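Data block below; observations after.
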Amino acid sequence: MASSDRGKEKLSPRSVRARLEEELGKLDITNEEATPLIIDDREEEAKQKWMVAGKVLYRNVFHIQTISSALRSALGNPRGLVFRSVGKNMLVAEFATQHDRDRVWEGSPWHVSKNAVILSEFEDCMQPSELKFDRLQLWARIINLPFNLREKKWWLPISQQIDKKAKDVQFDHVGGYLRARVTVEIVNPLRRWILIDSARRKSVDVYEIQYEHIPHFCFSCGRLGHSDLLCPTQGFRDSNEDLPFGKGLRAPEEGRRTNYSEGSTGESSFNLQNKAGTRSSSNREEDGIETTSPLKKQNFNKRKAGTTTQVYRKVQAPTLLLTEHAEIQENGSSLVKVNDIPVDSDQGGSVGVEPDPKKKRPTLTSSENTAVAAGQPCLNQ
């Protein structure tokens, strides 16, 4: 109560000048500089705001629309989410509920085009200089631990080798690694391993660290925010031309487990569709309607309804009857005279002389001395 009354009391210009001189160490402050503007910016019955500030670690400037579009889809586009720019690659995200704000805070790391987004607590009464973007929370893995160190009593001491404030720890027995929620200082390099001196093993062993969903970092100095090409402190390469840091710090994506779950989901949905189709088919059979099982081979050659289908049938060539004027050659083939032109019947009725292309082919007349078709329909009908 006394502190609130002290905050409400008005200070005289002389007291303000003395305080400024003490804080700034300057003695040449004028009366205008020492006279403050008194504002009561408290809002009664103001709506609670749930906000968080963020900064993209990138050397170039991103437009606020680019940042908001990338983060909105990554955050799940919660209701009431609003972004606004507060500086170079800096933004403030306002949420409608505390649940959405906490979910985003605990779901770090977030990134824009694989560039880290550092989060910071925010109040609208804060100054931009008071925002601190110096820490990143993410999940770290400690791999290849001995089986006796996988017991629960060892989880926290081992995890606190990375972060002394680590509390959220768990062990993945399927993957075979210890998993801990840790905080990484941006100004410091990423930690690559921890050392454990085991009494039972009688040795000091190195256990590598991997980080889940870690954004871009420098392979030369191990810090976030730039690449090794733009690193101010270039590292030395070893005999294999490898830099001090590498891709081994990235935890592998569990694609196989995700694909398996997706396949199981797809298979179950397919089975549900088949069961539904089987139930509907049984109902149709009771109604007397022909049904087709989805597992049967479909006939894709069927045409759609309303279109005519042409059916072709084999038609034999007409048999020519020879009259008494037909001549039989020595090889057994018949020779027919049509308008005094010999025609070989075995060669399909071709004329022995070269026809004139300008003249039409002579047509057969219905006389008794010509070969006629017997009992065969006309092909043009």
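The values are calculated or read from the model by the stated rules, or taken from the named source; none is laboratory data. Model, not experiment: these values are computed from the prediction. Cβ: placed from backbone, ideal geometry, glycine included. Neighbour counts: every protein chain shown. The protein model used for the area step is the full one, side chains on, heavy atoms only, and it has no ligands, DNA or RNA in it. Shrake-Rupley method; radii C 1.70, N 1.55, O 1.52, S 1.80 Å.
Considering only segment 192-199, I want to know if a residue exists there that is more than 13 Å from LEU249 (Cα to Cα) and polar (S, T, N, Q).
Checked segment 192-199: at least one residue is more than 13 Å from LEU249 (Cα to Cα) and polar (S, T, N, Q).
When segment 96-129 is examined, which residues are found to be of a type outside the set (S, T, N, Q) and more than 25 Å from VAL182 (Cβ to Cβ)?
ALA96, GLU123, ASP124, CYS125, MET126, PRO128
Would you confirm, using the coordinates I've provided, whether VAL86 is within 10 Å of LYS55 (Cα to Cα), touching a strand residue (DSSP E or B) at 6+ places or on another chain (Cβ under 8 Å) and either part of a loop (DSSP other than H, G, I, E, B) or open to solvent by 30 Å² or more (accessible area, probe 1.4 Å) (or both)?
Working: within 10 Å of LYS55 (Cα to Cα): yes; touching a strand residue (DSSP E or B) at 6+ places or on another chain (Cβ under 8 Å): yes; either part of a loop (DSSP other than H, G, I, E, B) or open to solvent by 30 Å² or more (accessible area, probe 1.4 Å) (or both): yes.
Criteria met by VAL86.
Only residues that are closer than 24 Å to PHE217 by Cα, at pLDDT below 95 and surrounded by 12 or more Cβ atoms within 10 Å (Cβ to Cβ): list them for segment 163-178, please.
Once the filter is applied, which keeps residues that are closer than 24 Å to PHE217 by Cα, at pLDDT below 95 and surrounded by 12 or more Cβ atoms within 10 Å (Cβ to Cβ), segment 163-178 yields ASP163, ALA166.
If you scan segment 89-104, which residues turn out to be closer than 19 Å to SER120 by Cβ and either of a type in the set (S, T, N, Q) or surrounded by 14 or more Cβ atoms within 10 Å (Cβ to Cβ) (or both)?
Correct list: ASN89, MET90, LEU91, VAL92, ALA93, GLU94, PHE95, GLN98, ASP100, ARG101, ARG103, VAL104.
Please tell me if GLU185 is out of contact with any His (no Cβ under 6 Å at 6 or more places or on another chain), closer than 26 Å to THR233 by Cβ, of a type in the set (D, E, K, R) and open to solvent by less than 80 Å² (accessible area, probe 1.4 Å).
Values: out of contact with any His (no Cβ under 6 Å at 6 or more places or on another chain): yes; closer than 26 Å to THR233 by Cβ: yes; of a type in the set (D, E, K, R): yes; open to solvent by less than 80 Å² (accessible area, probe 1.4 Å): yes.
Taking the combined requirement at face value, the residue satisfies it.
Take the residues in segment 225-247 that are surrounded by 12 or more Cβ atoms within 10 Å (Cβ to Cβ) and under 28 Å from the mean Cα position of the chain (by Cα), then tell me which one is modelled with the highest pLDDT.
PHE245
Determine if segment 175-191 includes at least one residue that is more than 32 Å from the chain's Cα centre (by Cα) and basic (Lys, Arg).
no
List pairs: first residue in segment 40-51 and under 12 Å from PHE95 (Cβ atoms), second residue open to solvent by less than 100 Å² (accessible area, probe 1.4 Å) and assigned to a loop (DSSP other than H, G, I, E, B) anywhere in the structure, Cβ distance under 9 angstrom, at least six positions apart or on different chains.
Pairs that qualify, where the first residue is under 12 Å from PHE95 (Cβ atoms) and the partner is open to solvent by less than 100 Å² (accessible area, probe 1.4 Å) and assigned to a loop (DSSP other than H, G, I, E, B), are LYS49/ASP124; TRP50/ALA96; TRP50/THR97; MET51/PHE122; MET51/ASP124.
For segment 193-218, enumerate the residues that are of a type in the set (Phe, Trp, Tyr) and buried (at least 18 other Cβ atoms within 10 Å of the Cβ).
Those that are of a type in the set (Phe, Trp, Tyr) and buried (at least 18 other Cβ atoms within 10 Å of the Cβ): TYR207, TYR211, PHE217.
Could you check SER68 against (1) within 19 Å of the chain's Cα centre (by Cα); (2) not in a helix (DSSP H, G or I) and say which number it fails?
(2)
Given (1) more than 27 Å from the chain's Cα centre (by Cα); (2) of a type in the set (S, T, N, Q); (3) closer than 22 Å to TRP50 by Cβ, where does ASN148 come up short, assuming only one miss?
Going through (1) more than 27 Å from the chain's Cα centre (by Cα); (2) of a type in the set (S, T, N, Q); (3) closer than 22 Å to TRP50 by Cβ one by one, ASN148 breaks only (3).
Pick out, from segment 126-244, the strands (runs of 3 or more DSSP E) lying fully within it that include 2 or more residues that are touching a residue at least 60 places away in the same chain (Cβ under 8 Å) and among the β-branched types (Val, Ile, Thr).
Per the criteria, 135-143.
Need the failing condition index for PRO128 against (1) in contact with an Asp or Glu (Cβ under 9 Å, 6 or more places away or on another chain); (2) exposed (fewer than 15 other Cβ atoms within 10 Å of the Cβ); (3) of a type outside the set (A, V, I, L, M), just the number.
(1)
Based on what the data block shows, is HIS173 within 14 Å of LEU145 (Cβ to Cβ) and not β-branched (Val, Ile, Thr)?
yes
Scan segment 158-181 for residues that are touching a helix residue (DSSP H, G or I) at 6+ places or on another chain (Cβ under 8 Å) and of a type in the set (Phe, Trp, Tyr) and report the count.
Number satisfying all stated conditions: 1.
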